[in-house]
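Here, each number is a calculation from the coordinates, and none is a lab measurement. Keep in mind that this is a model prediction, so the values were computed, not measured. Positions of Cβ are backbone-derived with ideal geometry, glycine not excepted, and every protein chain shown enters the neighbour counts.
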Amino acid sequence: MNYHSRKTCAIINLPALVSNYINIANLAPQSETIAVIKANAYGHGAIEVAQSLSQHVPAFAVAFIDEALVLRAAGITQPILILEGALCQEDLAIALKQNFWLMFHNLEQITWLNKQIPPYSEKLWLKVETGMNRLGLAPNQIDDILAQLSSEQLQNIVLCTHFSNAEQLDNPKTLLQIKKLAQVNQAELYKKSLANSAGILNWPESHSDYNRLGITLYGATPIPTKNLPIKLTPVMTLQSTIIGLKQINTGESVGYGEKWQASKPSIIATIAIGYADGYPRNAKAGTPVFISGQLAPLAGRVSMDMITVDVTDIDTVELGDLVELWGENLPIETVAMHMDTINYELLTRVSARVPKKYILA
Ligand SMILES: *Cc1c(COP(=O)(O)O)cnc(C)c1O
């Protein structure tokens, strides 16, 4: 069933993904750059993304084992780092069989590790708490854990931490977190992993054996565009079409709750995308969309299947015209600002109702 009467779709530019990966990895030539493809590759399609990167990356990362098993079923053979680690004892046996690298971040996971037969022999990532206060072992717990491991396991250790503020260039927290990881007893003996996208872009001192590249891979930025050290290409363009056009008079309202009123005679375009597609309902009036090379402001509440836009000032508009909600011509960061959210959330919230069209070359 490949027929789509509605033209709404997410266009996924896979060559752009690959060139983003190569360009960003080149910023940290001494590091191995792991591609983070959790949450269905930030909404881009994990299998397609993994397939297009598989020649380039040393490993992938996902949040939990279910996401990694989907990749194995699709024939992806690279090691896969499981960022939340084992969620039950059985995950260890699966990891061992499937070449998954588990993150260990609490003592319960360490008891599972000690019970595992045959012993866990994949890379053993130890997550160290340095200030995020989400997942992580206290720095002073690490010694004791290392003492319980076999010499084979000790050779596979990666000390890891995650930054809370790396997108803020003027915030010293990141340097403090780097220092705390280095202060783990005998840290110099082990491989390390610190940088996420913002670490790779902003903090060369955070580059280590493995960097973990997420959002920037997709051409979206966690830092102001003017501070980017490289050019990124947005990988997703979210697109729809105009399915209704009408003229309204001064004082008439548009949409549910009469939240928007025309201050002059206006032309309203209705576009076939709504909150059921992942276009957030809290988008404010004025959120831009891109039509015929120009920007037009959202007018009225987002509906389940539609939005309404004031196209009075657009030169020519017709039924069926393409509309870009974000992507190549309209930065997702700009759109996110009008919705009190971030690019990460917009990308991962595009719903299954929106077909993906892959650009392969
Ligand atoms: C999601 C995630 C990343 C990737 O972060 P980006 O900001 O998207 O680059 C890296 N490390 C961990 C532990 C994560 O959960």
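Let me check against my output: what whole-number percent is the relative contact order of the stretch 1-105, with C-alpha pairs under 8 Å and at least 6 apart? Intermediate results must be reported in sequence, preceding the final value.
On the way: 124 pairs, mean separation 20.4, N = 105.
Result for the stretch 1-105 is 19 percent.
Once the Cα gyration tensor of the stretch 1-141 is found, what semi-axes does its equivalent ellipsoid get, as square roots of 5 times the eigenvalues, in whole Å, sorted largest first? Each step should come with its number before you reach the end.
Numbers: eigenvalues 185, 69, 44 Å².
Output for the stretch 1-141: semi-axes of 30, 19, 15 Å.
If the viscosity is 0.890 mPa s and the temperature 25 °C, what Stokes-Einstein diffusion coefficient in µm²/s follows for the stretch 316-361 when Rh is the Kirkwood radius over Cα pairs?
On the way: Rh = 12.6 Å.
Approximately 194 µm²/s, per Stokes-Einstein.
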>> Which residue fluctuates most in the GNM of the chain (Cα springs below 10 Å): GLY327, GLY257, GLY274?
In response: GLY257
> Label-point separation (nm) for SER19 and ALA74, each offset 7 Å from Cα along Cα-to-Cβ?
Replying inline: 2.3
> For q = 0.11 Å⁻¹, what log10 I(q)/I(0) does the stretch 172-281 give under the Debye formula with an equal point scatterer on each alpha carbon and no solvent?
Replying inline: -0.64
> Summing -39500 (n - 2.57) over the DSSP H runs of n ≥ 4 in the chain and dividing by its residue number, what mean residue ellipticity at 222 nm do you reach, to the nearest 500 deg cm²/dmol?
Replying inline: -6500 deg cm²/dmol
> What FRET efficiency do you get for GLN55 and ASN329 if R0 is 22 Å and r is their Cβ-Cβ distance, rounded to the nearest 0.05?
Replying inline: 0.15
>> To the nearest 20 Debye, how big is the dipole of the stretch 234-336 about its Cα centre, given +1 on the beta carbon of each Lys and Arg and -1 on that of each Asp and Glu?
In response: 380
> What percentages, rounded to whole numbers, describe P(r) for the stretch 221-353 computed over all alpha carbon pairs with 10 Å bin width beginning at zero?
Replying inline: 12, 45, 31, 10, 1
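Using R₀ = 25 Å, calculate the FRET efficiency as 1/(1 + (r/R₀)^6) where r is the Cβ-Cβ separation of ILE342 and ASP209; round to 0.05. Working shown, then result.
Values: r = 28 Å, r/R0 = 1.13.
Calculated value: 0.30.
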> Between ASN23, ASN114, GLY131, whose Cα lies farthest towards the positive end of the dipole of the chain when Lys and Arg beta carbons carry +1 and Asp and Glu beta carbons carry -1, centred on the Cα centre?
Replying inline: ASN23
> Who wins for biggest fluctuation among ILE314, ILE178, ILE332 in a Gaussian network model of the chain, springs between alpha carbons below 10 Å?
Replying inline: ILE314
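Just in the stretch 204-289: which trypsin sites (Lys or Arg not before Pro) are loop by DSSP and have at most 10 other Cβ atoms within 10 Å? All intermediate terms of the calculation are to be shown ahead of the outcome.
Details: sites: ARG212, LYS226, LYS231, LYS246, LYS259, ARG281, LYS284; in loops: LYS231, LYS259, ARG281, LYS284.
Listed in order of number, the matching sites are LYS231.
What is the antiparallel percent of DSSP beta bridges lying wholly in the chain, to the nearest 5? Write out the running numbers ahead of the final one.
Working: 27 of 55 bridges.
Here the share of antiparallel DSSP bridges comes out near 50 percent.
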> For the chain, what relative contact order do you get, as a whole percent, if you take Cα pairs closer than 8 Å and at least 6 residues apart?
Replying inline: 18
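Would you kindly calculate the translational diffusion coefficient of the stretch 126-234, applying Stokes-Einstein with the Kirkwood radius from alpha carbon pairs, for 25 °C and a viscosity of 0.890 mPa s, and quote it in µm² s⁻¹ without decimals? Walk me through the numbers on the way to the answer.
Numbers: Rh = 14.7 Å.
Calculated translational D: 166 µm²/s.
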> Out of the stretch 73-135, which GluC sites (Glu not before Pro) are coil in DSSP terms and have no more than 15 other C-beta atoms within 10 Å?
Replying inline: none
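Just to check, using Stokes-Einstein with a Kirkwood Rh over alpha carbon pairs, what's the diffusion coefficient of the stretch 80-147 at 10 °C and 1.306 mPa s in µm²/s? Please report the intermediate quantities before stating the final value.
Working: Rh = 12.1 Å.
Estimated diffusion coefficient is 131 µm²/s.
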> Using bins 20 angstrom wide from zero, how does P(r) for the chain break down, in % of all Cα pairs?
Replying inline: 28, 49, 21, 3
> Please state the relative contact order of the stretch 169-212 as a whole percent: Cα pairs under 8 Å, 6+ residues apart?
Replying inline: 33
> What's the extension gain from ASN26 to LYS173 if we count 0.36 nm per residue and subtract their Cα-Cα distance?
Replying inline: 50.4 nm
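Under a point-charge model restricted to the Cβ atoms of Lys and Arg (+1) and Asp and Glu (-1), what is the dipole moment magnitude of the stretch 103-254 relative to its Cα centre, in debye to the nearest 20?
Numbers: 13 positive and 12 negative charges, 72 e Å.
Result for the stretch 103-254 is approximately 340 debye, rounded to the nearest 20.
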> In nm, to one decimal, how far is the ASN140 label point from the GLU252 one, both placed 7 Å along Cα→Cβ?
Replying inline: 7.1
